[in-house]
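Visitor: Dropping a structure here in structure tokens format, bear with me for questions.
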Amino acid sequence: MTPFPSGLRPDDLHRELDRLERVSRFSETSRNLFDEGPHLVSTPELPWGDAVREATVDAYRRFIHGETWITGSGAREMEAEIVHWMGGLLGAASPAGFVTSGGSESNMCAILTAKQRSGRRGGSVVYPDNGHYSLAKLCGMFGLDAIPVPAPAEGLHLVDPEAIEAAIRPDTIALIATAGTWAYGSVDPVEAMSEIALRRGLYLHVDGAFGGYILPFLERSGYDTDIPPWDFRLPGVCSISADLHKNGMAPPPAGTLFFRDASLLATAKEICPPNGTMTGTRGTGPIAGAWTMVKLLGEPGYTAVSLKSMAMRDEIVEGVRGIDGLRIHPGSRINMALIHSDDLDLRPVATELRSRGWMFAARAVPAPVGIVVVPMPHNHGQIPAFLDDLREAVKSVAVPLNDAPAAAATGSVSSYGF
Ligand SMILES: Cc1ncc(COP(=O)(O)O)c(C=O)c1O
């Protein structure tokens with residue numbers, strides 16, 4: 001048994017902290033093309049530069065010992081402001097909601113609310129199978145049958161609304177759509193799902209963990225005027241999750257769950273007393289950090305961040321098109337690109353890129369591997385170097401897919417690529 005610490009001297013403690021910090025690779029996050037990390041690095045590429053990050057960290061620190069109960073008045077005000085500001089932008093006339101620990105918790109709270117609203121003890125939940133794994137997880141946790149609806153093989157980002165409707169059972173309590181799917185970046189047919197939900201009397205939750213804090217700014221700035229409708233402007237949408245610690249640029253853990261109105265929040269509180277979240281005590285540091293980020297960036301800041309991220313995404317798409325054998329999965333509407341190949345096994349390529357210091361996610365779909373990149377402002381200036389390394393790695397270590405078993409030994413992947 002590891003003995004309980006007998007009390008470390010400060011010097012030894014600092015050495016141990018240094019080591020743990022080093023293995024966490026915070027200082028290497030400048031080559032991080034995954035969604036984790038930009039919130040931690042100095043990022044002058046944010047509008048107003050490092051001052052934004054420093055103010056965010058300062059607010060987090062000032063509220064680090066607080067909790068949302070007795071000393072929570074300030075944080076609860078901040079939370080209400082975030083909900084009203086962003087919920088309004090998402091098209092709700094009287095939004096309600098709360099700050100969560102992230103996308104998984106937001107999805108859980110939404111579906112618990114749907115379950116409570118239905119009055120059922122069990123039931124089923126229907127969603128396109130490009131949904132995040134937290135959907136199957138929450139169904140398992142809450143005694144609900146998960147009914148993932150397969151998307152067409154040739155377009156994993158597309159799912160047929162008729163197939164969704166056909167999958168609905170008499171015990172179905174909710175539909176879940178995704179706006180900004182992991183790892184395709186696509187937006188599900190929410191308009192059709194909203195119509196189905198209204199007609200069939202079902203709760204509709206939209207998982208906007210990734211898309212929530214970028215799609216509105218891309219639309220409002222005119223970058224993309226053709227984004228399929230997905231938010232509260234559709235009358236069937238009951239709740240939307242959106243992660244502050246993804247494109248909201250805030251330090252983790254911070255997500256948001258928005259309800260169309262206060263009556264749904266009241267239902268959430270019935271099943272998850274007292275505040276609708278999965279937790280009891282909530283630390284106020286993340287709320288203060290997120291509030292500061294939202295207040296400082298505001299709409300101009302988030303628009304600048306969104307456009308900068310998309311410019312890098314477009315640069316990657318363009319560069320990958322010029323590399324023989326590689327493809328970009330179609331359908332992304334956000335700062336996410338899934339690089340894959342029909343002819344080459346990219347597992348050794350992923351391993352080679354990692355050995356050159358690049359951090360990104362890799363996943364086993366499309367088989368055998370897709371390389372997922374999510375450029376954010378801190379990646380400014382790095383895309384040409386990434387494309388050079390990708391080009392070289394493809395030339396030197398990629399193998400034809402028929403030789404895949406041999407290649408498998410040289411690298412492993414998982415859904416997030418850890
Ligand atoms: C679409 C989607 N939903 C939910 C989540 C879960 O978010 P979290 O890891 O913050 O719980 C993710 C994470 O990547 C996601 O991409």
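The values are calculated or read from the model by the stated rules, or taken from the named source; none is laboratory data. The shown structure was predicted, so the numbers you read here are calculated from the model rather than taken from an experiment. Please note: Cβ atoms are built from the backbone with ideal geometry, for glycine as well, and neighbour counts cover all protein chains shown. For accessibility, only protein heavy atoms count, side chains too; no ligands or nucleic acids. Shrake-Rupley method; radii C 1.70, N 1.55, O 1.52, S 1.80 Å.
Visitor: Kindly identify segment 1-118 as rounded, prolate or oblate by the Cα gyration tensor criterion: order the square roots of the eigenvalues as a ≥ b ≥ c, call it rounded if a/c is under 1.5, otherwise compare a/b with b/c, prolate if a/b is larger, else oblate.
Guide: prolate
Visitor: Normalized C-alpha radius of gyration of segment 58-297, against 2.2 N^0.38 Å?
Guide: That works out to 0.96 for segment 58-297.
Visitor: To continue, here is another question. For segment 61-182, go through all pairs of different Cα atoms, get the mean of 1/r, take its inverse, and jot down that Kirkwood value in Å.
Guide: Kirkwood radius, segment 61-182: 16.5 Å.
Visitor: Still on this model: Among G276, G122, G370, determine the one that fluctuates most according to a GNM of the chain built with springs between C-alpha atoms less than 10 Å apart.
Guide: G122
Visitor: Here's another thing I want to ask about it. Could you provide, to the nearest whole Å², the per residue accessible area of segment 58-297 with probe 1.4 Å?
Guide: Here the per-residue accessible area is 37 Å².
Visitor: Among 324-337, 381-394, what's the highest-first ranking by average C-beta atoms within 10 angstrom per residue?
Guide: In decreasing order of mean packing, 324-337, 381-394 become 324-337, 381-394.
Visitor: Hey, another quick one. Each residue of segment 6-20 in order: what ³J(HN,Hα) in whole Hz does its phi give by Karplus 6.51 cos²θ - 1.76 cosθ + 1.60, θ = phi - 60°, with x for Gly and Pro?
Guide: With the stated coefficients, segment 6-20 comes to 9, x, 8, 6, x, 4, 5, 4, 4, 4, 5, 5, 4, 5, 5 Hz.
Visitor: At q = 0.08, 0.10 Å⁻¹, what is the log10 ratio I(q)/I(0) for the chain, with the Debye formula run over Cα points and no solvent?
Guide: Evaluating at q = 0.08, 0.10 Å⁻¹ gives log10 I(q)/I(0) of -0.45, -0.71.
Visitor: When you count, for each residue, the other Cβ atoms within 10 Å and take the mean per peptide, how do 339-351, 229-241 rank with the highest first?
Guide: Per-residue mean Cβ counts within 10 Å order the peptides as 229-241, 339-351.
Visitor: Further question on the same structure: To make sure I understand the rule: partners must be lysines, Cα under 16 Å from the Cα of K246, and not fewer than 8 residues away in the same chain. Which ones qualify?
Guide: K308
Visitor: With a 1.4 Å probe and all protein chains left in place, how much of the accessible area of segment 172-287 comes from carbon and sulfur atoms, in whole percent?
Guide: Using a 1.4 Å probe with all protein chains present, segment 172-287 comes out at 54 percent carbon and sulfur.
Visitor: Tell me which residues come under 5 Å, amide H to amide H, from W69 once H is placed; ignore anything under 5 positions away on its chain.
Guide: Counting only residues 5 or more places away or on other chains, the set is R282.
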